[in-house]
Structure formats: structure tokens, C-alpha cells
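Remarks on the structure that follows.
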Amino acid sequence: MRIGIDLGGTKIEGIALDETGAELARLRVPTPRGDYQSTLECVSSLVARLEAAAATPGTVGIAMPGTISPATGLIKNANSTWLNGQALDKDLERVLDREVRLANDANCFALSEAVDGAGKDAAVVFGVIIGTGCGGGIVIDGKLITGPHAIAGEWGHNPLPSPSDYEHAASPQCYCGAVSCLETWISGPAMAADHLAMSGQNKSAEEIAQDAAQGDHIAKATLSRYADRMARGLASVINVIDPNLIVLGGGLSNIEALYEMIPARLSAYVFSDHVGTPILRNVHGDSGGVRGAAWLWPEAGKDVAQRETP
């Protein structure tokens with residue numbers, strides 16, 4: 001059995017999967033924000049409850065914000081700031097009394113969709129999360145690629161390619177310290193900020209998408225600018241790794257129009273005479289991170305058996 005834990009900023013979700021990927025149990029509890037020790041205890045309790053519900057022990061994978069720094073072994077880049085600087089993997093192994101595997105939540109999303117989601121059986125999958133932020137992950141032949149700095153797939157912190165005069169002048173500041181990161185242009189708050197700047201209307205990304213679907217010309221113009229920026233960002237990914245497909249996740253992945261608007265714009269930016277890279281909606285929705293965490297153990301039964309052998 002595989003157990004996946006999604007360590008979110010507001011909730012911690014756990015899932016237990018059998019060897020086929022079928023769900024055996026699922027639990028969700030509030031995150032003890034700002035309290036590292038309580039976070040460890042919460043994860044430990046959740047694992048115990050999932051094992052009790054499934055009546056069998058399991059491997060444990062954790063989807064988390066940020067990543068483990070290869071240089072220090074400590075968490076870095078987490079917006080759940082009480083995790084930063086902590087040896088989360090070692091501390092969880094201590095409280096759970098077993099080996100655990102951790103990965104960035106966007107990486108877990110990509111892995112979930114590559115294993116048994118929209119990217120099933122594809123050789124190279126690029127998974128994208130577009131919501132309050134912007135993340136990504138790369139899976140090749142079913143294996144998550146992280147890189148020597150543990151930042152593979154972090155396309156949201158590349159500069160927006162081919163900026164217009166307006167975009168160049170605006171150059172919004174990113175929380176990472178750089179300016180004009182893709183995240184500052186293609187996240188949900190970024191779409192809302194662009195709409196406000198161009199129209200004076202203070203609306204959420206969801207409201208803008210709804211207005212555009214109902215024919216509002218101002219909202220349709222905002223959505224068109226957004227799709228073009230997404231196409232420029234994804235074209236840079238296609239030019240580098242040429243994935244078989246790209247899967248979108250996060251709140252903005254629910255905007256139906258993007259699945260026509262983005263592909264229609266790719267050929268202007270991709271270094272090829274033909275661009276057929278599918279842009280697909282996720283299959284597992286909000287469960288992508290927790291399912292991907294479980295799949296960090298590709299051979300769960302074998303790994304558990306090895307640990308139980310004296």
C-alpha cells in the first residue's frame with residue numbers, strides 16, 4: 001500500500017492507494033499553521049489513521065511546498081514559512097519510524113498525471129500548476145526529474161519571454177526577488193492585476209473568465225493577453241524538453257477557453273515548422289498532489305517487504 005500526504009498551507013490531506021492505484025482511504029485535517037512540531041505530529045497521526053482504515057502498513061510520500069536544498073538538506077522556498085530551514089525529511093522519518101520520500105507539490109502533481117492521469121503512457125510529461133502561483137514538474141518515462149539543485153520544472157521563475165513594450169515597462173516584482181517572472185504574469189492574481197491595470201475593473205481571475213465566456217469584450221481581451229503569455233512561457237519549455245504533452249492543474253486550469261487559445265498561439269514561438277504538443281486538462285483535479293506523493297514509491301509492496309525483512 002502507498003500513502004500520500006499533501007502538506008498544504010491550510011489543510012493536510014492523506015490518501016491510501018492499493019497496488020493498482022485504487023483509493024482505499026482519504027482523510028483531511030487543518031494545517032497547524034506556524035507550528036512545526038504540531039505539523040510533524042499531525043502528519044504522524046494522519047498516517048496512523050490511514051493505516052488503521054486500510055488495515056495494512058504502507059510507504060509514505062509527502063507533497064510539500066518548497067523543496068529540500070541539496071546544499072543543506074533543509075527545506076527552502078516554502079511559502080509555508082515555518083517549514084523553511086527545517087530537516088523535514090529526517091524529522092518525519094523519526095516520528096514515523098520509517099523512510100519517507102518528499103517532493104515539491106507541483107512535482108507530485110506532474111507525477112500523478114504521468115502515472116495514471118492525462119499523461120498516462122506518455123514518455124515526457126510537463127505538469128503545470130497555475131493558481132495563486134505558478135509551478136511545474138517534469139516526468140520522463142515515469143520518473144520525476146528534480147535536477148542537482150532540486151529546481152527542475154520551476155518555469156514560473158524564468159522571465160516572461162519576448163515582452164511587449166508595456167510588459168517590459170511594467171516589470172512586476174516577484175516574491176523571489178527577481179522582476180517579470182512568469183509567475184507575475186500568468187498566476188491568478190497576475191491575471192486580475194492585468195485586468196485592473198487595463199480596464200480599471202477589480203475582478204478575480206474566475207470572474208474574468210466567466211465574463212469572457214459571456215462575451216464581455218474587455219474580459220476577452222484580458223484572457224487573450226493571458227493566453228499569449230502562457231503560450232510564450234510554454235513555448236520555451238517545448239523548445240528545451242519537447243514534451244509529449246503538457247497537463248494543466250490549479251484553479252486556472254478550469255478555464256475551458258485556454259485549451260484552444262494556448263495551442264493556437266504556440267506556433268509563433270516554438271522553433272519548429274509544426275507544433276502539435278497537446279495542452280490537456282488534468283484528470284485528478286485537486287487530488288493530483290496527494291496522489292503523486294503516494295506514487296513517489298513506484299514499487300510500494302516491494303519496498304515495504306524489504307523493510308520488514310530482518
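For the range 1-20, residues that are out of contact with any Leu (no Cβ under 9 Å at 6 or more places or on another chain) and either in a strand (DSSP E or B) or crowded, with 21+ Cβ neighbours inside 10 Å (or both) total 2.
If the condition is being within 25 Å of Ala205 (Cβ to Cβ) and without any contact (Cβ under 8 Å) to a residue 40 or more places away in the chain, then the range 136-153 contributes only Gly137. You will find that of Ala300, Ala293, Ala231, Ala264, the residue that is modelled with pLDDT of 95 or more and not assigned by TED's automatic domain parsing to the domain that holds Ile145 is Ala293 and no other. Selection of the range 174-202 for residues being within 15 Å of Gly233 (Cα to Cα) and touching an Asp or Glu at 6+ places or on another chain (Cβ under 9 Å) yields Ser180, Trp185, Ala190.
Conditions tested, residue by residue: (1) closer than 26 Å to Ile279 by Cβ; (2) crowded, with 18+ Cβ neighbours inside 10 Å.
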position: Gly34; (1), (2): no, no
position: Val43; (1), (2): no, yes
position: Ala52; (1), (2): no, no
position: Gly66; (1), (2): no, yes
position: Ser80; (1), (2): no, yes
position: Arg98; (1), (2): no, no
position: Asp121; (1), (2): yes, no
position: Ile129; (1), (2): yes, yes
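With a requirement of 3 or more residues that are over 16 Å from Trp155 (Cβ atoms), the helices (runs of 4 or more DSSP H) lying completely within the range 175-286 that satisfy it span 188-199, 205-213, 217-241, 258-266.
For the range 130-169, what are the residues that are of a type in the set (Asp, Glu) and within 24 Å of Ser69 (Cβ to Cβ)? Correct list: Glu154 only.
The values are calculated or read from the model by the stated rules, or taken from the named source; none is laboratory data. Keep in mind it's a predicted model, so treat the numbers as computed, not measured. Don't worry about glycine lacking a Cβ; one is built from the backbone with ideal geometry, like all the others, and counts go over all protein chains shown.
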